[in-house]
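The structure under discussion appears below in the form of structure tokens.
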Amino acid sequence: GTHGGHPAKIESRTLMRISQEVAAELSGATIENNTLTLTRDLDRKLYLEVAKAIECLGGKWDKRAKCHVFPPLSFPEALVDEAINSGEIVDVVKELQFYQTPASLALEMVQLANINPESLVLEPSAGHGRIVKPLIEAGASVFAVEVNPACVPHLVESAGGSARLEYEINDFLQVAPTRIFDAVVMNPPFQGGRDIKHIEHALKFLKEGGRLVAVMAAGILFRLDRKHVEFRERVEELGGTITPIPEGTFAESGTNVNTVLVVI
């Protein structure tokens, strides 16, 4: 399972290109929760260009609040980051599609996590419960976190009504860590390096000797920015492995994204 912010479909449509001037103003904006506030006074021509870009990203001008408001769970920070980096705004609906973990991959992940009937397992971005299902079937007790309330009925159904599933509706990054879990099995959102943030946070929930199994964007193998380099080093320090997942694995879920499996 996973939610929002998962990787773009390869054929996503470009809605508009943005100039460096516009990108610079977007990079200086204050983004809090689902609001975006421009921090500088701009001349009218530039303001209109910037406002058009924000609206294209999904932000609506709120006269009273004097800021642009984005729909809940649209992660404006990740969208703006993507637009600044790429110089274009792509079809947001495709960008934020939620790509379920294929059943065969979910089963493989559960096997790698060494689950037994005593295991207490965390699933931090549970979606429709594609990973929860084989965890429950393997006898584990599962604590699931899911940010989108609309996913919960599917999540509960995936556990077959088992009392061994507990869940919380929350953004996983806001959940306070407790080191009580034998395993974490997860397919986090990828956009804007959020997979790294989610995995770093998830590691704080593992007991001594616990094991984390996660799907990640394949960029972790080659990206040279500090965040990715440091994460690769961290996995190595912890004696973990990063293994490419066969291309096309997520095709049934509607994306050609390249992914890897991280085991720590």
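The values are calculated or read from the model by the stated rules, or taken from the named source; none is laboratory data. Owing to the predicted nature of the structure, the values given are computational and were not obtained by experimental measurement. Cβ sites come from the backbone with ideal geometry, for glycine too, and all protein chains shown count toward neighbours. Accessible surface is based on the protein model in full, side chains and every heavy atom, while ligands, DNA and RNA are left aside. Shrake-Rupley method; radii C 1.70, N 1.55, O 1.52, S 1.80 Å.
What to note about this one:
- The convex hull defined by the C-alpha atoms of the chain has an orientation-averaged projected area of 14.5 nm².
- Cut-off 15 Å (backbone N to label point 7 Å along Cα→Cβ of Leu173), residues of segment 224-253: 227-228
- For segment 68-224, a crude dipole built from +1 on the beta carbon of Lys and Arg and -1 on the beta carbon of Asp and Glu, taken about the Cα centre, is about 320 debye to the nearest 20.
- Quotient of Cα Rg and 2.2 N^0.38 Å for segment 49-90, N being how many residues it contains: 1.13
- With a Förster radius of 45 Å applied to the C-beta separation of Arg226 and Glu137, the computed FRET efficiency comes to 0.65.
- Sites counted here are GluC sites (Glu not before Pro) in a DSSP loop (not H, G, I, E or B) having no more than 15 other Cβ atoms within 10 Å; the longest part of the chain that contains none of them is 119-246.
- In this structure the chain gives 50 Å² per residue of accessible area when probed at 1.4 Å with all protein chains present.
- Computed from point charges on the beta carbon alone (+1 for Lys and Arg, -1 for Asp and Glu), the dipole magnitude for segment 168-223 about its Cα centre is near 160 Debye.
- Computed helical MRE - 222 nm, the chain, DSSP H runs ≥ 4 contributing -39500 (n - 2.57), nearest 500: -9000 deg cm²/dmol
- Its Cα gyration tensor gives segment 75-225 an equivalent ellipsoid, and the semi-axes of that ellipsoid, as √(5λ) in whole Å with the largest first, are 27, 17, 14.
- Stokes-Einstein diffusion for segment 82-167 at 4 °C, viscosity 1.567 mPa s, with a Kirkwood radius from C-alpha pairs, works out to 92 µm²/s.
- Fully extending the segment from Glu200 to Val152 would add 14.8 nm, taking 0.36 nm per residue of separation and subtracting the current Cα-Cα distance.
- Taking segment 197-264 and dividing mean pair separation by its residue count, relative contact order in percent (alpha carbons under 8 Å, at least six apart): 39 percent
- Entry for segment 186-251 at q = 0.13, 0.20, 0.21, 0.25 Å⁻¹: log10 I(q)/I(0) = -0.36, -0.86, -0.95, -1.32, Debye formula applied to identical alpha-carbon scatterers, no solvent contribution.
- Over the chain, relative contact order from alpha-carbon pairs under 8 Å, at least 6 apart, %: 20 percent
- Against the chain, whose longest principal axis comes from its Cα atoms, helix 103-112 is set at around 60 degrees.
- Inter-part distance where segment 179-206 and segment 113-176 are each reduced to a Cα centre, Å: 14 Å
- Volume of the Cα convex hull of segment 136-264, divided per residue and given in Å³: 130 Å³
- Accessible surface of segment 139-198 [probe 1.4 Å, protein heavy atoms]: carbon and sulfur percent: 53 percent
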